[in-house]
Amino acid sequence: MKVLVIGSGGREHAIVDALSRSEKVSKIIAAPGNAGMAELAVCESIKDTDVDRLLSYAKNERVDLTVVGPEASLALGIVDKFEEAGMLIFGPSKAAAQIESSKEFAKDLMQKYNIPTAAYAVFSDYEEALMYVAKQGAPIVLKYDGLAAGKGVVVAQDMVEATDALKDMLLDDKYGHGKVVVEECMVGPEFSFMCFVSGEAVYPMVVAQDHKRAYDGDKGPNTGGMGAYTELPFITEEDKAYALNEIMIPMAKAMVKEGCPFKGVLYGGLMKTAQGIKVIEFNARFGDPETEVVLPRLTSDIAELFSAIAKGETPIIEWDNRASLGVVLASLGYPGDYTKGATIENLEAVDAKVYHMGTTIHEGKYVTNGGRVLFITALADTLQEAQAKVSAEIKKIECNNLFHRNDIGWQAIDFIESEK
Ligand code: AMP
Ligand code: GLY
């Protein structure tokens, strides 16, 4: 099979890496790819949003299967266009991708089908929103409705913060012109439950947890994610069964009923609250960086798995039993301003999975080329061992403009210690 992977981050590098382990795959093309993927794939400099060029490239090259990483390509309807042209593609249609691109669509569906989530109301008028928020009181969550690259959510701790956020979202058009979903603020550990979905059929992956804040102790600004791990000892088998049977399967069925069946990865961003497991959000794609710790554990053939899901057939899915843990190396200053072009040395010495998130090659050497630069994943019998392994391997990497968190997995490790 010739496989085309769309995207340029660590998530897509992990997908390419998994595909490279498949005996069915003869050639991998990444568009646009990155310097790390270039070791395993041919990188074609076509943007992930240039759907027409991607399609004509895939047709000319006689690509057998296309796998879509980023939400932006999905929201543009890349899957619909490829399928109209008779091409096999892994990902949801534009209509199904609304589960991520429109928070109101997702919330309405959850309410209609009794899928547990935070209480909410939707507003486009600033005064009405403010009145509602004042009545509910803080803490309260405000979400700009539309694709905002993860920056559209404010967890307001008091009325001043809430009012400022509503002004940004509804008066100043800071994010564009749209609506705001106002939500009850839930409390509890969060986890990412990604499932392969094909219509009503739902196949769960191992459960992962992301770390959004920039610094140790979950302090500092929100980022795209600073590290992740699997599994979560505080999420029991019973919790997983609940999440599957009361959340993920009902959502897949709901989307079939609504005429927009889902095909691809349905990502449940869930929270284990005192009132049970509830949905924070759904995404229509693999999570980043969760994918970088989940796919290294997949032992079955991912090319066959993607094809089976895309065709509506039953896939074979098998996992390595070990724990996985991975840490982001980010440019100093990220998620604020940062510089690019710092030389990265000694990567070849790292005895763990190295996924490139934002690098390029300059004068024959890897250099930093983004906010999040590298992702290092280790597998081990315990999470503590995986954490120690990643930490030791990161020390080998020489670069003067990177920082990382040292406490990825802390919720799980604290939990394990407390159980002793
Ligand atoms: P999102 O961009 O939708 O992933 O949201 C970013 C973060 O905001 C989530 O990871 C949660 O930590 C937090 N969040 C979103 N919705 C809620 C909610 N209803 N209650 C508490 N925290 C929330
Ligand atoms: N890690 C969160 C996301 O991919 O949206």
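The values are calculated or read from the model by the stated rules, or taken from the named source; none is laboratory data. Being a predicted model, the structure only gives us computed values, none of them experimental. Cβ atoms come from the backbone with ideal geometry, glycine included; neighbour counts cover every protein chain shown.
Descriptive notes on the structure:
- Long-range neighbours under 7 Å by Cβ, at least six apart or interchain, first residue farther than 20 Å from Leu55 by Cα and among the basic types (Lys, Arg) within region 1-27, second within 16 Å of ligand 2 (Cβ to nearest atom) and modelled with pLDDT of 95 or more: Arg11/Gly69; Arg11/Phe286; Arg11/Asp288; Arg11/Thr291; Arg11/Glu292
- Qualifying strands (runs of 3 or more DSSP E) (wholly inside region 309-420; at least 1 residues being of a type in the set (Lys, Arg) and touching a residue at least 12 places away in the same chain (Cβ under 8 Å)): 353-356, 365-368, 372-380
- Some residue of region 296-305 being touching a Lys or Arg at 6+ places or on another chain (Cβ under 9 Å), touching a residue at least 60 places away in the same chain (Cβ under 8 Å) and assigned to a loop (DSSP other than H, G, I, E, B): yes
- Test for Asp64: is it touching a residue at least 60 places away in the same chain (Cβ under 8 Å) and of a type outside the set (Ser, Thr, Tyr): yes
- Pairs are defined by a Cβ separation below 6 Å, a sequence spacing of at least 6 or placement on different chains, a first member in region 251-271 that is more than 17 Å from Phe306 (Cβ to Cβ), and a second member that is of a type in the set (Asp, Glu) and away from ligand 1 (no atom under 15 Å from the Cβ); the pairs so defined are Ala252/Glu200; Lys253/Glu200; Val256/Glu200.
- Considering residues of region 269-295 that are among the polar types (S, T, N, Q) and either buried (at least 24 other Cβ atoms within 10 Å of the Cβ) or outside any strand (DSSP E or B) (or both) only, the residue nearest to ligand 1 (Cβ to nearest atom): Gln275
- Residue identified as within 16 Å of ligand 1 (Cβ to nearest atom), among the hydroxyl-bearing types (Ser, Thr, Tyr) and closer than 22 Å to Val153 by Cβ among Ser124, Ser101: Ser101
- Candidates Leu298, Leu266 - the one that is closer than 19 Å to Val16 by Cα and either more than 13 Å from ligand 1 (Cβ to nearest atom) or in contact with a strand residue (DSSP E or B) (Cβ under 8 Å, 6 or more places away or on another chain) (or both): Leu298
- Selection of region 212-228 for residues being within 13 Å of ligand 1 (Cβ to nearest atom) and either polar (S, T, N, Q) or not in a strand (DSSP E or B) (or both) yields Lys212, Asp218, Asn222, Thr223, Gly224, Gly225, Met226.
- Residue check for Glu83: at pLDDT 95 or above, over 20 Å from the mean Cα position of the chain (by Cα) and either within 16 Å of ligand 2 (Cβ to nearest atom) or not small (Gly, Ala, Ser) (or both): yes
- Filtered residue count, region 187-203, keeping only those that are of a type in the set (Asp, Glu) and closer than 23 Å to Lys311 by Cα: 1
- Unmet criterion (only one of (1) more than 24 Å from Val354 (Cβ to Cβ); (2) in a helix (DSSP H, G or I)) for Ala38: (1)
- Total residues in region 262-281, condition more than 10 Å from the chain's Cα centre (by Cα) and within 10 Å of ligand 2 (Cβ to nearest atom): 1
- Criterion: among the small types (Gly, Ala, Ser) and either under 19 Å from Val294 (Cβ atoms) or not in a loop (DSSP other than H, G, I, E, B) (or both) - qualifying residue of Ser45, Ser22: Ser22
- When residues of region 155-213 are limited to those that are without any contact (Cβ under 8 Å) to a residue 40 or more places away in the chain and among the basic types (Lys, Arg), the one nearest to Lys240 (Cα to Cα): Lys212
- In region 139-160, of all residues being assigned to a loop (DSSP other than H, G, I, E, B) and either buried (at least 17 other Cβ atoms within 10 Å of the Cβ) or at pLDDT below 95 (or both), the one that is nearest to ligand 2 (Cβ to nearest atom) corresponds to Gly150.
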